[in-house]
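Read the structure below first, then the notes.
The values are calculated or read from the model by the stated rules, or taken from the named source; none is laboratory data. Values in this document were obtained by computation on a predicted structure and should not be read as measured data. Please note: Cβ atoms are built from the backbone with ideal geometry, for glycine as well, and neighbour counts cover all protein chains shown.
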Amino acid sequence: MNSFSEIFEQSFMLKLLVAVMTMIFSISTKAQVNHNSEIYKALKKNDSLIFDSAFNHCKSSDLIPIIADDLEFYHDQGGITKGKDTFLNTIKQNICSNPKSKPIRKLVEGTLEVFPLYNNGVLYGALQKGDHNFYLNETGNIRPTVVAKFTHLWVLENKKWKLKRVLSYDHQPIKN
């Protein structure tokens, strides 16, 4: 019979689960930053670039400066997307390819939280989490579809925020 350490070494999903649980534990034990702080404002602006500009209005070029080359996106319905170029192409092909049936995302007001990450007292990144609602705009008829949670890992690279890891999970139908 395999020992836990052998199973852990061989199981990507177990490693991912441990990493997610560690993130959740670290989030729950640290206070989020104030909504008036520079880090909160910067990451809220980046959230708007990702979703309002790129997702809702298909201006994916706005993402180029804020997405890490080695981005990893984990989605509970759509699987794993790796790499900046793959991510940008996925938006173009899956989100922005059909103007007659266009998904729309809206941040649920009051759910955005930001938790700074430090290494020996030096800020190197942040976790950003929240809830968002999705809608489908079918030629002007906008209807709600799902609500979901997200967690973003942002890192500072050359004093610029880069989205490095994304968890998109708990997609549920919006109850009317």
Practice problem: Could you please find all residues in segment 39-69 being surrounded by 15 or more Cβ atoms within 10 Å (Cβ to Cβ), farther than 15 Å from Thr90 by Cβ and among the polar types (S, T, N, Q)? | Solution: Asn46, Ser53, Asn56
Quiz prompt | segment 132-151: number of residues that are surrounded by fewer than 16 Cβ atoms within 10 Å (Cβ to Cβ), assigned to a strand (DSSP E or B) and not β-branched (Val, Ile, Thr) | solution = 7
Quiz item: Has segment 108-120 got any residue that is over 13 Å from Lys44 (Cα atoms) and of a type in the set (Gly, Ala, Ser)?
Solution: no
Quiz item: Only one residue in Val166, Val155, Val122 is of a type in the set (Val, Ile, Thr) and touching a Gly at 6+ places or on another chain (Cβ under 8 Å), so which one is that?
Solution: Val155
Quiz item: If Leu127 satisfies every condition in (1) surrounded by fewer than 15 Cβ atoms within 10 Å (Cβ to Cβ); (2) touching a helix residue (DSSP H, G or I) at 6+ places or on another chain (Cβ under 7 Å) but one, which is the exception?
Solution: (1)
Quiz prompt | Candidate set: segment 99-126, residues that are among the hydrophobic types (A, V, I, L, M, F, W, C) and not in a loop (DSSP other than H, G, I, E, B); chosen: the one farthest from the chain's Cα centre (by Cα) | solution = Val122
Quiz item: List pairs: first in segment 100-118 and surrounded by fewer than 13 Cβ atoms within 10 Å (Cβ to Cβ), second among the aliphatic types (A, V, I, L, M), Cβ under 8 Å, 6+ apart or cross-chain?
Solution: Ser101/Leu136
Quiz item: Among the residues of segment 49-67, which ones are under 13 Å from Leu163 (Cα atoms) and not in a helix (DSSP H, G or I)?
Solution: Ile67
Exercise. With the condition kept exactly as written, say whether any residue in segment 97-112 is touching a Lys or Arg at 6+ places or on another chain (Cβ under 7 Å) and either closer than 21 Å to Ala68 by Cβ or in the same structural domain as Ile66 (by TED's automatic domain parsing) (or both).
Key: yes
Quiz item: Within the set of pairs 6+ apart or on separate chains, which have a first residue in segment 136-151 that is more than 29 Å from Leu163 (Cα to Cα) and touching a residue at least 12 places away in the same chain (Cβ under 8 Å), a second that is of a type in the set (S, T, N, Q) and exposed (fewer than 15 other Cβ atoms within 10 Å of the Cβ), and C-beta atoms under 8 Å apart?
Solution: Glu138/Ser101; Thr139/Ser101
